[in-house]
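Computed from the coordinates by the stated procedures, all read-outs in this text should not be read as laboratory data. Since the structure is predicted, the reported quantities are computational estimates derived from the model, not experimental observations. Note that we place each Cβ from the backbone using ideal geometry, even for glycine, and neighbour counts take in every protein chain shown.
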Amino acid sequence: MLTIAYIGNGKSANRYHLPFALKLKDKINVKTIYSRSGRQTWQPLAEVHYTTDLNDIYQDPAIDLVVVSTPSHTHYAVAKDVLLHGKNVLVEKPFTETSAEAQELFALAREKQLFIQCYQNRRFDSDYLTAQKVIESGVLGDLLEVEMHFDYFRPEVPTNVKEFSLDTSYLYGHACHTLDQVIAYFGEPDDVHFDVRQLLGANRMNDYFDIDMYYGALKVSVKSSYFRIKPRPSFVLYGKQGMFVKADKDRQEYDLKHFYMPDHADFGVDQPENYGTLTYVDDAGDYHEEKVVSEVGDYSRVYDGVYETLVNGAPKLVKDEETLLQIKLLEQGIQQCRR
C-alpha cells in the first residue's frame, strides 16, 4: 500500500483527487488531510485524520507521498517544504509559476532522492484518448491540423476580476491542461505562436488564449475563451483523407460536479449522442461517415502511475522535461498580457 496525505482540503482535493485515490483501495491508503483553517466544507472521510498541524504529516514515517492541492501561487513553496521534510510529492497544476522554480524543485528532489511530479489528470480525458485512437487508426491519412478547444460562457468570471494576476489567468489555469496534452502526445514543437488576450482591457484578467504549435507540416491549436455562448468542438482533427469531430468534452468533471462518483460503473462514460463523428475517404475512394465509440477516461490512472513508480520503480508518468517545457510555454505566452 502507498500511504498518502494531502495539503489542502478544498475543491481540488475533494473533487479531482480523493475520489480517484480512494478508487484504488488495494493500492492507496489516504491517512491524513491538512488544511490551515480546519474548516470542513466537504463531507469528512471516515478513518482519515484531519489536522491543522503539518507536523502530523511531516513527522509520520508511514506517509509515503504528500499531495499538494493548495492555491497555485503556493505550489512552489509548499512542494519545496515537503521535499525538505523528506517526503515524496505530487503537485497540482500549474506545477509552478516559473520554469526556474520548477527546475529548482526537480533538482532538490534528485538531491534528496525523492519523487516529485505534476498531477496531469487530463491525460486521461475520454475525448483526448479518443482523438489518439482515431489518429492511430490511420484512416485520416497524414495528419495536417488539430484543434483543441476549452470554452465557457462565463462572462461574470473575468468581469468580477478587477486586476491581472497569474492566479486568475485563463492561460495558467486552463492551458496547463491542454498544453500538457499536446506535449505528452506530440512532444516539443518546432515553433509556437501565442495570442494571449485580456478582452476587458489592460491590467484585467487574461480571459482568452489561442496557441498554435507547429510540428513540420502539422499545426496543433489550443484555444479557449470565457465568452463562447456556444462552445466550439472539444477536438477537431484534419488529415489528408478525412476529419474527426468530437463535440463534447470528457464527462468525468460533469459527473463529479453532480456528486456522481467513480464508484458507479457508468461514471464518466459517454452515451452514443456524445460520440464523435469520423468522415473519411478510404484507399478505394469510398466515402465513410461513422460514429466513433469514445474511450473511457479515468483520472485514477494518474494515481496508478504514481504507485507504479514509487512501489515498482516504473518511469514517471509525467516526465520532468514535459513539465518544464509546459511552464516555459506558459511563461512565454503570459508576456503578451498588458499589465
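A few comments on the model shown:
- Under the convention that each Lys and Arg Cβ holds +1 and each Asp and Glu Cβ holds -1, the size of the dipole of segment 2-119 around its Cα centre is about 360 debye.
- Every helix of 4 or more DSSP H residues in the chain counts as -39500 (n - 2.57), and over all residues that averages to -8000 deg cm²/dmol at 222 nm.
- Taking all Cα pairs closer than 8 Å and separated by 6 or more residues, the relative contact order of segment 148-297 comes to 21 percent.
- Computed log₁₀ I(q)/I(0) - Debye formula, equal Cα scatterers, no solvent, segment 2-119, q 0.15, 0.24 Å⁻¹: -0.61, -1.53
- Cα point-scatterer Debye curve for the chain, base-10 log of I(q)/I(0) at q = 0.08, 0.14 Å⁻¹: -0.40, -1.22
- Annotation for ARG15 and HIS193: the two label points, set 7 Å from Cα along the Cα-Cβ direction, are 3.4 nm apart.
- More than 19 angstrom apart: percent of Cα pairs within segment 105-212: 59
- Here's the picture: charge each Lys and Arg Cβ at +1 and each Asp and Glu Cβ at -1 in the chain, and of LEU140, GLN271, TYR50 the one pushed furthest to the positive end of that dipole is TYR50.
- Förster radius 35 Å - calculated FRET efficiency between TYR152 and THR74 (Cβ-Cβ, nearest 0.05): 0.90
- Rounded to 5, the percent of DSSP beta bridges in the chain classed as antiparallel: 60
- Spin-label model, GLU104/THR159: points 7 Å from Cα along the beta carbon direction are separated by 4.0 nm.
- Relative contact order, whole percent, for segment 2-119 stands at 24, derived from Cα pairs under 8 Å and 6 or more residues apart.
- Translational diffusion of segment 123-297, estimated by Stokes-Einstein from the Kirkwood radius over alpha carbon pairs at 20 °C in a medium of 1.002 mPa s, is 123 µm² per second.
- Taking packing as the residue-averaged number of other Cβ atoms within 10 angstrom, the listed peptides 188-195, 93-100 run from highest to lowest as 93-100, 188-195.
- Taking the Cα centre of the chain as reference, the dipole from Cβ charges on Lys and Arg (+1) and Asp and Glu (-1) amounts to some 1140 debye.
- As a calculated quantity, the FRET efficiency between ASP167 and ALA217 at R0 = 30 Å, using C-beta atoms, amounts to about 0.20.
- Average Cα contact separation per residue, segment 208-339, under 8 Å, 6 or more apart, as relative contact order %: 13
- For the chain, built as a Gaussian network whose Cα springs stay under 10 Å, the top-fluctuating residue of LYS25, LYS223, LYS328: LYS25
- ³J(HN,Hα) computed for each position of segment 233-238 - Karplus, 6.51 cos²θ - 1.76 cosθ + 1.60, integer Hz, glycine/proline x: x, 4, 9, 10, 10, 10
- Computed E for ASN312/ALA284 - FRET, C-beta separation, R0 51 angstrom, nearest 0.05: 0.65
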